[in-house]
1. Based on what the data block shows, is MET56 more than 22 Å from ASP177 (Cβ to Cβ) and either modelled with pLDDT of 90 or more or loosely packed, with under 14 Cβ neighbours inside 10 Å (or both)?
2. Of the conditions (1) more than 20 Å from ASP177 (Cα to Cα); (2) surrounded by fewer than 16 Cβ atoms within 10 Å (Cβ to Cβ), ARG109 satisfies every one except a single condition; which number is it?
3. When you scan the stretch 77-100, how many residues do you find that are among the aliphatic types (A, V, I, L, M), closer than 20 Å to ARG53 by Cβ and part of a helix (DSSP H, G or I)?
4. Quick check on this structure: which one of LEU103, LEU148 is free of Cβ contacts under 8 Å to residues at least 60 places away in the same chain and either crowded, with 19+ Cβ neighbours inside 10 Å or in a loop (DSSP other than H, G, I, E, B) (or both)?
5. Only one of ARG192, ARG152, ARG165 is at pLDDT below 90 and among the basic types (Lys, Arg). Can you tell me which?
6. Which of the residues belonging to the stretch 106-123 are part of a strand (DSSP E or B) and touching a helix residue (DSSP H, G or I) at 6+ places or on another chain (Cβ under 7 Å)?
7. Testing CYS71 on (1) out of contact with any helix residue (DSSP H, G or I) (no Cβ under 7 Å at 6 or more places or on another chain); (2) within 21 Å of TYR154 (Cα to Cα), one condition comes back false. Which one is that?
8. For the stretch 87-97, how many residues meet the condition of being surrounded by fewer than 21 Cβ atoms within 10 Å (Cβ to Cβ) and closer than 16 Å to ILE140 by Cβ?
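The values are calculated or read from the model by the stated rules, or taken from the named source; none is laboratory data. Note that the structure is a prediction, hence the values are computed from the model and not measured. Every residue, glycine among them, receives a Cβ derived from its backbone with ideal geometry; neighbour counts consider all protein chains shown.
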Amino acid sequence: MSGKRAKTQQSEVRSTTAAARPAVGRRMFAREVPALDLSRISLLVVNDNDFLRSYMERLFGIMRVGNVATCADPDAARAQMAAADPDIVMIDLDLAGRDGIDLVRQIRRGEIGPRNDIAILVTSAFVDRDYVQAARNNGINWTLVKPLTFRRLYEGLARVILDERPFVEAEGYTGPDRRLLVGISGYDGFERRKPKPSEPGV
(Lines give C-alpha, C1' and ligand atoms only; values in the text may rest on other atoms or scores of the structure.)
Protein backbone atom coordinates (compact mmCIF):
# COMPACT_ATOMS: atom_id res chain seq x y z
CA MET A 1 0.00 0.00 0.00
CA SER A 2 3.02 2.23 0.10
CA GLY A 3 3.72 4.56 -2.80
CA LYS A 4 6.75 6.64 -3.66
CA ARG A 5 8.63 8.29 -0.86
CA ALA A 6 9.11 12.02 -0.67
CA LYS A 7 11.50 12.98 2.09
CA THR A 8 11.58 16.31 3.83
CA GLN A 9 13.91 17.49 6.56
CA GLN A 10 11.52 16.59 9.34
CA SER A 11 9.34 13.82 8.00
CA GLU A 12 8.85 11.19 5.36
CA VAL A 13 5.55 11.09 3.51
CA ARG A 14 4.36 8.06 1.63
CA SER A 15 1.33 7.76 -0.60
CA THR A 16 -1.44 5.51 0.69
CA THR A 17 -4.04 6.37 -1.92
CA ALA A 18 -6.79 3.96 -2.82
CA ALA A 19 -5.12 3.47 -6.20
CA ALA A 20 -2.12 1.89 -4.46
CA ARG A 21 -4.33 -0.72 -2.74
CA PRO A 22 -5.85 -3.82 -4.32
CA ALA A 23 -8.22 -2.86 -7.11
CA VAL A 24 -11.83 -2.62 -6.00
CA GLY A 25 -14.87 -2.32 -8.23
CA ARG A 26 -17.46 0.30 -7.34
CA ARG A 27 -21.25 0.29 -7.29
CA MET A 28 -23.56 1.95 -4.78
CA PHE A 29 -24.05 0.04 -1.52
CA ALA A 30 -26.51 2.37 0.22
CA ARG A 31 -27.28 6.04 -0.17
CA GLU A 32 -23.94 7.48 -1.30
CA VAL A 33 -21.66 4.65 -0.13
CA PRO A 34 -19.73 2.86 -2.88
CA ALA A 35 -20.32 -0.88 -3.08
CA LEU A 36 -16.79 -2.21 -3.34
CA ASP A 37 -15.54 -5.54 -4.61
CA LEU A 38 -13.64 -6.74 -1.52
CA SER A 39 -12.61 -10.11 -2.95
CA ARG A 40 -8.94 -9.10 -3.12
CA ILE A 41 -8.80 -7.59 0.37
CA SER A 42 -7.01 -9.40 3.20
CA LEU A 43 -8.18 -8.56 6.73
CA LEU A 44 -6.83 -9.41 10.20
CA VAL A 45 -9.23 -9.02 13.14
CA VAL A 46 -7.84 -8.70 16.68
CA ASN A 47 -10.61 -9.16 19.24
CA ASP A 48 -10.68 -11.13 22.51
CA ASN A 49 -14.41 -11.89 22.36
CA ASP A 50 -15.09 -15.27 20.74
CA PHE A 51 -18.66 -14.36 19.80
CA LEU A 52 -17.66 -11.04 18.20
CA ARG A 53 -14.87 -12.66 16.19
CA SER A 54 -17.30 -15.26 14.86
CA TYR A 55 -19.94 -12.58 14.25
CA MET A 56 -17.54 -10.37 12.29
CA GLU A 57 -16.20 -13.30 10.29
CA ARG A 58 -19.77 -14.10 9.24
CA LEU A 59 -20.50 -10.50 8.24
CA PHE A 60 -17.22 -10.14 6.34
CA GLY A 61 -18.08 -13.39 4.57
CA ILE A 62 -21.38 -11.84 3.45
CA MET A 63 -19.39 -8.83 2.23
CA ARG A 64 -17.18 -11.30 0.33
CA VAL A 65 -13.94 -10.07 1.82
CA GLY A 66 -11.22 -12.12 0.15
CA ASN A 67 -9.40 -13.36 3.25
CA VAL A 68 -10.25 -12.91 6.93
CA ALA A 69 -7.94 -14.07 9.72
CA THR A 70 -8.77 -13.59 13.40
CA CYS A 71 -6.86 -13.71 16.65
CA ALA A 72 -7.71 -13.09 20.30
CA ASP A 73 -4.81 -11.02 21.58
CA PRO A 74 -1.77 -8.92 20.60
CA ASP A 75 0.60 -11.86 21.05
CA ALA A 76 -1.32 -13.90 18.49
CA ALA A 77 -1.47 -10.85 16.23
CA ARG A 78 2.31 -10.56 16.29
CA ALA A 79 2.60 -14.16 15.20
CA GLN A 80 0.10 -13.78 12.35
CA MET A 81 0.95 -10.35 10.96
CA ALA A 82 4.08 -11.31 9.06
CA ALA A 83 2.56 -14.43 7.53
CA ALA A 84 -0.85 -12.96 6.74
CA ASP A 85 0.46 -9.60 5.44
CA PRO A 86 -3.09 -8.14 5.61
CA ASP A 87 -4.26 -5.01 3.81
CA ILE A 88 -6.27 -3.91 6.85
CA VAL A 89 -5.95 -4.68 10.56
CA MET A 90 -9.06 -4.27 12.72
CA ILE A 91 -8.13 -3.92 16.40
CA ASP A 92 -10.46 -3.81 19.40
CA LEU A 93 -9.15 -1.11 21.74
CA ASP A 94 -10.94 -2.73 24.70
CA LEU A 95 -8.92 -5.94 24.92
CA ALA A 96 -9.26 -7.60 28.34
CA GLY A 97 -6.28 -6.64 30.45
CA ARG A 98 -4.52 -5.12 27.44
CA ASP A 99 -4.64 -1.81 25.65
CA GLY A 100 -5.24 -2.10 21.92
CA ILE A 101 -3.51 1.25 21.42
CA ASP A 102 -0.23 -0.41 22.44
CA LEU A 103 -0.63 -2.80 19.51
CA VAL A 104 -1.29 0.17 17.20
CA ARG A 105 1.92 1.83 18.42
CA GLN A 106 3.96 -1.32 17.83
CA ILE A 107 2.66 -1.64 14.27
CA ARG A 108 3.41 2.00 13.48
CA ARG A 109 6.91 1.69 14.96
CA GLY A 110 7.61 -1.23 12.64
CA GLU A 111 7.86 -3.72 15.51
CA ILE A 112 5.12 -6.00 14.16
CA GLY A 113 4.51 -7.22 10.64
CA PRO A 114 6.24 -6.64 7.32
CA ARG A 115 5.34 -2.94 7.06
CA ASN A 116 4.20 -0.11 9.30
CA ASP A 117 1.90 1.73 6.87
CA ILE A 118 -0.87 -0.86 6.94
CA ALA A 119 -4.42 0.51 7.26
CA ILE A 120 -5.60 0.29 10.89
CA LEU A 121 -9.30 0.30 11.74
CA VAL A 122 -10.11 0.23 15.45
CA THR A 123 -13.30 -0.58 17.32
CA SER A 124 -14.29 0.62 20.77
CA ALA A 125 -17.24 0.76 23.13
CA PHE A 126 -16.00 4.12 24.38
CA VAL A 127 -17.17 7.30 22.69
CA ASP A 128 -15.11 9.62 24.89
CA ARG A 129 -13.51 12.19 22.59
CA ASP A 130 -10.15 12.08 24.41
CA TYR A 131 -10.01 8.30 24.05
CA VAL A 132 -10.73 8.45 20.32
CA GLN A 133 -8.26 11.32 19.95
CA ALA A 134 -5.55 9.25 21.65
CA ALA A 135 -6.11 6.47 19.11
CA ARG A 136 -5.94 8.98 16.26
CA ASN A 137 -2.72 10.45 17.60
CA ASN A 138 -1.15 7.01 17.52
CA GLY A 139 -1.75 6.61 13.79
CA ILE A 140 -5.05 4.82 13.24
CA ASN A 141 -7.04 5.36 10.06
CA TRP A 142 -10.56 5.23 11.46
CA THR A 143 -12.56 4.38 14.62
CA LEU A 144 -15.80 2.40 14.73
CA VAL A 145 -17.98 2.71 17.82
CA LYS A 146 -19.81 -0.39 19.01
CA PRO A 147 -22.28 -2.00 18.51
CA LEU A 148 -20.80 -3.29 15.28
CA THR A 149 -23.51 -3.67 12.66
CA PHE A 150 -23.12 -4.82 9.08
CA ARG A 151 -23.42 -1.22 7.90
CA ARG A 152 -20.85 0.14 10.34
CA LEU A 153 -18.33 -2.57 9.53
CA TYR A 154 -18.79 -2.06 5.79
CA GLU A 155 -18.51 1.71 6.15
CA GLY A 156 -15.28 1.29 8.13
CA LEU A 157 -13.73 -0.86 5.40
CA ALA A 158 -14.87 1.58 2.71
CA ARG A 159 -13.38 4.53 4.59
CA VAL A 160 -9.92 3.02 5.01
CA ILE A 161 -9.83 1.62 1.48
CA LEU A 162 -10.78 4.98 -0.01
CA ASP A 163 -8.62 6.98 2.40
CA GLU A 164 -6.37 9.12 0.18
CA ARG A 165 -4.35 10.79 2.92
CA PRO A 166 -0.56 10.51 2.60
CA PHE A 167 1.27 8.35 5.14
CA VAL A 168 3.57 10.42 7.34
CA GLU A 169 6.65 9.32 9.27
CA ALA A 170 7.83 12.12 11.51
CA GLU A 171 9.40 12.45 14.93
CA GLY A 172 6.64 11.73 17.42
CA TYR A 173 4.06 10.52 14.92
CA THR A 174 3.66 7.82 12.29
CA GLY A 175 0.40 7.33 10.45
CA PRO A 176 -2.04 8.93 8.00
CA ASP A 177 -1.82 12.72 7.79
CA ARG A 178 -3.93 14.10 10.66
CA ARG A 179 -4.19 17.52 9.02
CA LEU A 180 -6.57 16.16 6.38
CA LEU A 181 -10.07 14.83 6.97
CA VAL A 182 -10.78 11.28 5.87
CA GLY A 183 -14.05 10.69 4.10
CA ILE A 184 -15.86 9.23 1.17
CA SER A 185 -16.50 11.73 -1.56
CA GLY A 186 -20.06 13.00 -1.26
CA TYR A 187 -20.71 10.97 1.87
CA ASP A 188 -20.73 11.95 5.54
CA GLY A 189 -21.53 8.64 7.23
CA PHE A 190 -24.67 6.66 7.97
CA GLU A 191 -25.38 8.28 11.31
CA ARG A 192 -22.81 11.03 11.32
CA ARG A 193 -23.43 13.77 13.88
CA LYS A 194 -23.52 17.13 12.18
CA PRO A 195 -21.25 19.72 13.83
CA LYS A 196 -22.84 22.83 15.23
CA PRO A 197 -22.20 26.07 13.28
CA SER A 198 -19.61 27.11 15.87
CA GLU A 199 -18.01 23.68 16.05
CA PRO A 200 -15.24 22.57 13.66
CA GLY A 201 -15.90 19.47 11.62
CA VAL A 202 -14.99 16.23 13.32
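1. It is true that MET56 is more than 22 Å from ASP177 (Cβ to Cβ) and either modelled with pLDDT of 90 or more or loosely packed, with under 14 Cβ neighbours inside 10 Å (or both).
2. (1)
3. Within the stretch 77-100, residues that are among the aliphatic types (A, V, I, L, M), closer than 20 Å to ARG53 by Cβ and part of a helix (DSSP H, G or I) number 5.
4. After applying the criteria, what remains is LEU103.
5. ARG192
6. Once the filter is applied, which keeps residues that are part of a strand (DSSP E or B) and touching a helix residue (DSSP H, G or I) at 6+ places or on another chain (Cβ under 7 Å), the stretch 106-123 yields ALA119, ILE120, LEU121, VAL122.
7. (1)
8. Total satisfying the criteria: 2.
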